[in-house]
Amino acid sequence: MANDYYPFINAPLMCPFTAFEPYIDAKTMMLHHDNHLQAYIDNLNAILADNERLQTMSLEELIINADSLPSDIRDAVRNNAGGVWNHRFFFGNLVNAGLSPPRGQFGDAIAETFGSFEQFQQDFKEAALSVFGSGYAWLVLDDGKLRIVTTANQNTPLENGMCPILGLDVWEHAYYLKHYNDRASYIDDWFNVASWNVANINYQKCLEQET
Ligand code: MN
């Protein structure tokens, strides 16, 4: 789905909005998917409606090549294509099956890179807390190495040649209704619904891309 083309559509979530209770509330999920993500999709479609050449570029191509786009639409494409990609990735990383830390090759790589899974969680939380204003925290594969990075606004790690494995939306719209201004408790709750299965699939894909 990340490689689809104009006109972009907002596919329904794979599960009901209540699926991540009590960690992420249903109303937040509904607004986040049906209003926030929808707005990025509508904006992106509106920008591309008058640019036939850009309609032949995939979502990822639009993001990766944003710098070479006409200057009057460059920022709008980056913000809205990034908004679509980041939200799809974030939602795709959620699961309602409870926490089970990564195992196997992926689990080993996390332990080797960060010391332990618990240390990884601490480092990731610190990074997510450090995002000033709106943005994301990510676990990425960068030159064969696991790294925790952050991006501002709707920028994506793709622009910097990094391969995303796990992404956390720390815009206030992602948590304000339930967690108010307490981003730390939102991050703690998110760890209960972050899918290590999906992250492991992403990790394997990232490894394949590098070879
Ligand atoms: Mn969001």
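The values are calculated or read from the model by the stated rules, or taken from the named source; none is laboratory data. Model, not experiment: these values are computed from the prediction. So basically every Cβ, Gly included, is an ideal-geometry build from the backbone, and we count neighbours across all protein chains shown.
One residue stands out among those in the stretch 136-189 that are on the phi > 0 side of the Ramachandran plot and not acidic (Asp, Glu): the one that is nearest to the ligand (Cβ to nearest atom), which is Asn153. The residue list Ala81, Ala66 contains one member that is at pLDDT below 95 and surrounded by 13 or more Cβ atoms within 10 Å (Cβ to Cβ), which is Ala66. Just one residue in the set Thr156, Thr211 is over 16 Å from Phe132 (Cβ atoms), within 12 Å of the chain's Cα centre (by Cα) and among the β-branched types (Val, Ile, Thr); that residue is Thr156. Being at negative phi, within 15 Å of the ligand (Cβ to nearest atom) and surrounded by 18 or more Cβ atoms within 10 Å (Cβ to Cβ) is a property that Trp196 lacks. Selection within the stretch 1-32: residues that are in contact with an Asp or Glu (Cβ under 7 Å, 6 or more places away or on another chain) and under 30 Å from Val77 (Cβ atoms). The member of this set that is surrounded by the fewest Cβ atoms within 10 Å (Cβ to Cβ) is Asn3. When Ile73, Ile41 are checked against the criterion of being surrounded by fewer than 18 Cβ atoms within 10 Å (Cβ to Cβ) and under 19 Å from Asn155 (Cα atoms), Ile73 stands alone in meeting it. Remark: pairs (first residue in the stretch 171-195, under 19 Å from Glu118 (Cβ atoms); second residue among the basic types (Lys, Arg); Cβ separation under 6 Å; 6+ apart in sequence or on different chains) = Ile187/Lys125. Within the stretch 75-121, take every residue that is of a type in the set (Val, Ile, Thr) and over 19 Å from Thr28 (Cα atoms) and give me the one that is nearest to the ligand (Cβ to nearest atom). Checking each candidate, the answer is Val77.
Restricting to the stretch 138-161, name every residue that is in contact with a strand residue (DSSP E or B) (Cβ under 9 Å, 6 or more places away or on another chain) and in a strand (DSSP E or B). Steps first, please.
Start the filter on the stretch 138-161 by keeping residues that are in contact with a strand residue (DSSP E or B) (Cβ under 9 Å, 6 or more places away or on another chain), which leaves 138-142, 146-161.
Trp138, Leu139, Val140, Leu141, Asp142, Leu146, Arg147, Ile148, Val149, Thr150, Thr151, Ala152, listed by residue number.
Return a yes/no flag: does the stretch 61-76 have any residue that is within 22 Å of Leu166 (Cβ to Cβ) and over 15 Å from the mean Cα position of the chain (by Cα). Yes; the residues of the stretch 61-76 include at least one that is within 22 Å of Leu166 (Cβ to Cβ) and over 15 Å from the mean Cα position of the chain (by Cα). What about Phe132, is it under 19 Å from the mean Cα position of the chain (by Cα) and crowded, with 18+ Cβ neighbours inside 10 Å? Spelling it out, it is not the case that Phe132 is under 19 Å from the mean Cα position of the chain (by Cα) and crowded, with 18+ Cβ neighbours inside 10 Å.
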